[in-house]
Amino acid sequence: MLTVIILAAGKGTRMKSENPKVLFNAAGKPMIDYSIELSRSLNPDKLVVVTGAGAEKVKEYLQNSSVEFAMQKEQKGTADAVMSALDFIPNEGKTLILCGDMPLMKYETLNNFINTCKHDISFISVKMKNPKGYGRIIRSSNGSVLKIVEEKDANENEKRINEVNTGVYLCSSSEIKKRLMNIDNNNAQNEYYLTDIIKGGAEAFLADNEMEFLGVNDRVQLSTAAKILWKERAESYMKDGVSIIDPSSVYIDIDVVIGKDTIIYPNVFIEKNTKIGKNVIIRSGCRINNSVIKDNVEIKDNTLIEDSFVGAFSSVGPMAHLRPGSHLAGDNKVGNFVELKKASMGKGSKASHLTYLGDATLGENVNIGCGTITCNYDGYNKYKTTIGNNVFVGSDTQFVAPVTIGDNALIAAGSTITKNVDANALAISRTNQVNIENKGKEIMEINKAKKENKGK
Ligand code: UD1
Ligand code: MG
């Protein structure tokens, strides 16, 4: 019988935040998720999260995750946290204790620890190049573990010890219940330290990769942990056939799917449930959120795509913005400084430069000229623009919605379209041009003279 207890009640004082530490995001999800997923991978009989500081927020976040909650009323230390989960600890089997602030630990290491350690009280230790801030392991001359001394209680000699406590314990459930009864708060922080359960004898399992045990106590450590997680994730996509130019500057959320032979340039964020096909190129500075990008698409530099669909063989960007509800059927071009919102483009349609298409439906092979704008909003309501197949829209056109343009229509450049246009028609709406002979030169000379007079 295995019970897992995750300690997540601490104030997280060093984060200097209004929010609970374990809900801080590390590489796309809150830290507590990593501890919960790691615990789940062991198929425990019971999984208990100890909440306290910010308990409401933690519980709300975890409401659908079928964990049990214990409540630590006052944050009196890690032993007190386990004490508040006492009712959840059975009298038999093993209890595994993890902290909610260590997102880097690997299943293989934990599993190895559990299968190796047979002592009533075992914990994982590791040697750290910079042990500052961690509890140090004090061993006797014959090598057995005597106690753990916290940084704040350590003397100069103890501070030099680089074997530290990782905060991961595996205990006989009945034994830990006994030992918890004997812990006092006689220390520098006046806290009940869980590390004191070691005192009746314990076995340390010396792990070899210190990075797995980074405990996140402040925002610097959070960014260190997140960077490692992002890089590991990028590398796992690389192993599956995705090319990433610089894995340390690509940020891919956990639930993202990316096809083979896709190439990702630096400074790219791919977020929440995005699905990217094969042979896609994503250039620098792009962010793609909750979107589908089909095969052979190129997303050029500094493009933002949210809640949208980009069909195969399309090109989007540079500096384009697909706002929620944009749908490109395929073979499309959305170029420089083009913004789409709830706009769909049929196959082969293009908007190459400086355009806003909002609440618009475009057919196939439509060409939208530079500077085209759908005037979709009157300050109160939104209206639709509907454009048929093979329509050619000249540059600097405004569509004052609601308006519908039939197939094969031609809209002359510079037109303000306020009425529907029939299929095959030419629509032109500009003031007539007037040319006055010699008038241009005359005005220029007057202007020149004015300038010269000013100088005197
Ligand atoms: C703790 C260990 C230290 C170890 C380090 C590893 C103790 C006394 N110290 O120190 O030996 O090297 O972890 O990262 O155990 N928590 C509660 N209730 C409390 C206090 C803390 O639930 O009253 C929770 C926190 O939310 C956190 C975990 O316990 O998830 C560890 O607490 P934290 O304050 O981070 O302890 P460290 O100083 O890191
Ligand atoms: Mg900590």
Worksheet item: For the stretch 181-207, which residues satisfy the criterion of being touching a strand residue (DSSP E or B) at 6+ places or on another chain (Cβ under 9 Å), of a type in the set (D, E, K, R) and surrounded by fewer than 21 Cβ atoms within 10 Å (Cβ to Cβ)?
Response: 199, 203
Discussion item. I need the full set of residues from the stretch 208-266 which are in contact with a Leu (Cβ under 8 Å, 6 or more places away or on another chain) and in a helix (DSSP H, G or I), in order please.
Written reply: 211, 212, 213, 221, 224, 225, 228, 229
Worksheet item: Does the stretch 4-20 include one or more residues that are under 26 Å from residue 171 (Cα atoms), touching a residue at least 60 places away in the same chain (Cβ under 8 Å), part of a strand (DSSP E or B) and more than 16 Å from ligand 2 (Cβ to nearest atom)?
Response: yes
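Out of 92, 74, 18, which single residue is within 10 Å of ligand 1 (Cβ to nearest atom) and surrounded by fewer than 19 Cβ atoms within 10 Å (Cβ to Cβ)? Lay out the reasoning, then the answer.
Working: 92 fails: within 10 Å of ligand 1 (Cβ to nearest atom); 18 fails: within 10 Å of ligand 1 (Cβ to nearest atom).
Just a single option satisfies the conditions, and that option is 74.
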Worksheet item: In this structure, does residue 130 turn out to be within 22 Å of residue 178 (Cβ to Cβ) and not in a helix (DSSP H, G or I)?
Response: no
Discussion item. Under 8 Å between Cβ atoms, which residue pairs at least 6 apart in sequence (or on different chains) link something in the stretch 351-367 that is under 15 Å from residue 391 (Cα atoms) with a partner that is surrounded by fewer than 18 Cβ atoms within 10 Å (Cβ to Cβ) and of a type in the set (A, V, I, L, M, F, W, C)?
Written reply: 366/392; 367/392
Item to complete: Take residue 48 and decide whether it is within 30 Å of residue 186 (Cβ to Cβ), surrounded by 18 or more Cβ atoms within 10 Å (Cβ to Cβ) and more than 16 Å from ligand 2 (Cβ to nearest atom).
Response: yes
Discussion item. Restricting to the stretch 211-242, give me the number of residues that are within 17 Å of residue 264 (Cβ to Cβ) and acidic (Asp, Glu).
Written reply: 3
Discussion item. Out of the residues in the stretch 121-156 meeting the condition of being within 16 Å of ligand 2 (Cβ to nearest atom) and among the acidic types (Asp, Glu), tell me which one is surrounded by the most Cβ atoms within 10 Å (Cβ to Cβ).
Written reply: 150
Item to complete: Tally the residues that are among the charged types (D, E, K, R), under 25 Å from residue 250 (Cβ atoms) and away from ligand 1 (no atom under 14 Å from the Cβ), restricting the search to the stretch 204-230.
Response: 1
Fill in: Selection within the stretch 10-51 - among the aliphatic types (A, V, I, L, M) and under 24 Å from the mean Cα position of the chain (by Cα)
15, 22, 23, 26, 27, 31, 32, 36, 38, 49
Discussion item. Report every pair of residues separated by at least 6 positions or lying on different chains whose Cβ atoms are under 6 Å apart, first residue within the stretch 88-108 and part of a strand (DSSP E or B), second within 16 Å of ligand 2 (Cβ to nearest atom) and not charged (D, E, K, R).
Written reply: 97/5; 97/169; 98/6; 98/35; 98/168; 99/7; 99/167
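Coordinate-derived values only; no laboratory data. As the structure is a computational prediction, the values presented were derived from the model and not from experiment. Because the Cβ atoms are built from the backbone with ideal geometry, glycine has one as well, and the counts that use them run over all protein chains shown.
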